[in-house]
Amino acid sequence: MTQRLFFDDAERLEFAARLLALEPAGDGCRAVLDQTAFYATAGGQPHDTGTLGDARVLEVLEEAPDRIVHRLDHAPTGAVIGGTVAGRVDRARRRDHMEQHSGQHVLSAACAEACRAETLSFHLGADVASIDLDRPGLSPDKLATAEELANRIVRECRPVRPTFHTAEEVARLPLRKPPQVAGSIRVITVEGFDVSACGGTHVRSTGEIGQIRVVGAEKTKGMTRVEFVCGGRALGWARRQGATLDALRAALGTSEAELGAALARLLAERESGRKERKELAEALANYQAAELLAAAPVAAGGVRVVATVLDGREMKELSWLAEKIRKAGRAVALLGGRGEQAALVLARADGIDLDLRTLLTQILPLIEGKGGGRPEFVQAGGTRRDGVAAAVEAARTAVAGKLGNAE
Ligand SMILES: [Zn+2]
């Protein structure tokens, strides 16, 4: 049986205790004490960390009712069963958990009052804490009302007190939720605002919570999950938002008030630029297709064979060009691209007896590529840019052989 020192006093972070059990476990060991100030993971709140003698406390868990196990990185030097060890809880982590957990009680009570939404569960995460409310799709306005009420309670610096009660006494208390434990029940009261059964660590006045800020809300399985930050986390959150805004203001050279309009202008410009580039690229492809066709030798049956390597061109641009050549008359396009990657696009006009899939399979190894397509249009990308010219030349030779010589 381990007595919990934090039940009466969450500010007590240093303590001495009698060592009841010490056993090796994994790389370290596990210790059980007659009393502890370390909070064990429960009720949505993670465990404390700190030291026991010269050992680090890595994890604290309640293995059986009232049996709290401390997982340590090694056995404390000089520790003996029945002897005394000194414990010290990490202050910053405990403080943060107190701010978030007390903030949760206040926010949950505010949601019950302002939104008629009850809290079903609480999770204290490493970056944000969250509560699941029993109503789906709570509007941002409703949540803002709850946030305002919660922060008024914070500013009023109301006392937060732990008390212990029997089940009979608890039945007469105005608890927000029925207790989930039997026996002696610990109750946390935020004076004049909230009464909840809870085993967590809490601040002594709501003022210590500093601020409660709702930072996200989403619908989940018929509930609303509300994410929030309190105290030091709220300050960190506000600072990060400020830094993001500063960076945006500097990048766009505008004031905070003008930021939305400046961003909308920028997006509109980008869109019209994109359209313009596409039109230009199409026009360029038309010119280039005509130029390549005019310079191409004529094979049997009047088929023009365009075989060329274009540097700095990606697959998409080659595809456009090949499509233009293919549509321009009796023509075959055998195009290689040396952009970021090796690219091949082969295309032929309808009515020419040539399955380009077979041809592609033959030349693919030259660029160590992968690809495919239809008999009249295939494309492939590969890793060997230095193999592109040889692949195009091999394709040209094969097509010439298939079609016969020029008339
Ligand atoms: Zn609680």
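The values are calculated or read from the model by the stated rules, or taken from the named source; none is laboratory data. Fair warning: this is a prediction, and the values are worked out from it, not measured in the lab. Every residue, glycine as well, gets a Cβ built from its backbone with ideal geometry; the counts of neighbours run over all protein chains shown. With ligands, DNA and RNA removed, areas are computed over all heavy atoms of the protein, side chains included. Shrake-Rupley method; radii C 1.70, N 1.55, O 1.52, S 1.80 Å.
Conditions tested, residue by residue: (1) modelled with pLDDT of 90 or more; (2) in the same structural domain as Gln379 (by TED's automatic domain parsing); (3) over 26 Å from Pro375 (Cβ atoms).
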| position | (1), (2), (3) |
| --- | --- |
| Arg270 | yes, no, yes |
| Gln288 | no, yes, no |
| Glu314 | no, yes, no |
| Ala322 | yes, yes, no |
| Glu340 | no, yes, yes |
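The condition of being out of contact with any His (no Cβ under 9 Å at 6 or more places or on another chain) and of a type in the set (Asp, Glu) holds for only one of Glu59, Glu23, that being Glu23.
Of all the residues in region 197-230, those that are more than 16 Å from the ligand (Cβ to nearest atom) and outside any loop (DSSP other than H, G, I, E, B) number 15.
Taking the conditions (1) open to solvent by less than 30 Å² (accessible area, probe 1.4 Å); (2) more than 33 Å from the chain's Cα centre (by Cα) in turn, Pro159 satisfies each one other than (1). What number goes with the only condition from (1) more than 16 Å from the ligand (Cβ to nearest atom); (2) at pLDDT 95 or above; (3) of a type outside the set (Asp, Glu) that Ala167 does not pass? Only one criterion is unmet by Ala167, namely (2).
Among the residues of region 94-139, just one is without any contact (Cβ under 8 Å) to a residue 40 or more places away in the chain and open to solvent by less than 10 Å² (accessible area, probe 1.4 Å), namely Cys115. With respect to (1) at pLDDT 95 or above; (2) hydrophobic (A, V, I, L, M, F, W, C); (3) surrounded by 16 or more Cβ atoms within 10 Å (Cβ to Cβ), the lone exception for Ala16 is condition (3).
Each residue in region 158-196 was checked for being touching a residue at least 60 places away in the same chain (Cβ under 8 Å) and in a loop (DSSP other than H, G, I, E, B), and 2 of them qualify. Within region 61-87, the set of residues being in contact (Cβ under 8 Å) with a residue 24 or more places away in the chain and within 30 Å of Ala182 (Cα to Cα) comprises Asp66, Arg67, Ile68, Val69, His70, Arg71, Gly87.
Within region 91-123, the residues that satisfy the criterion of being within 13 Å of the ligand (Cβ to nearest atom) and among the small types (Gly, Ala, Ser) are Ser102, Gly103, Ser108, Ala109, Ser121.
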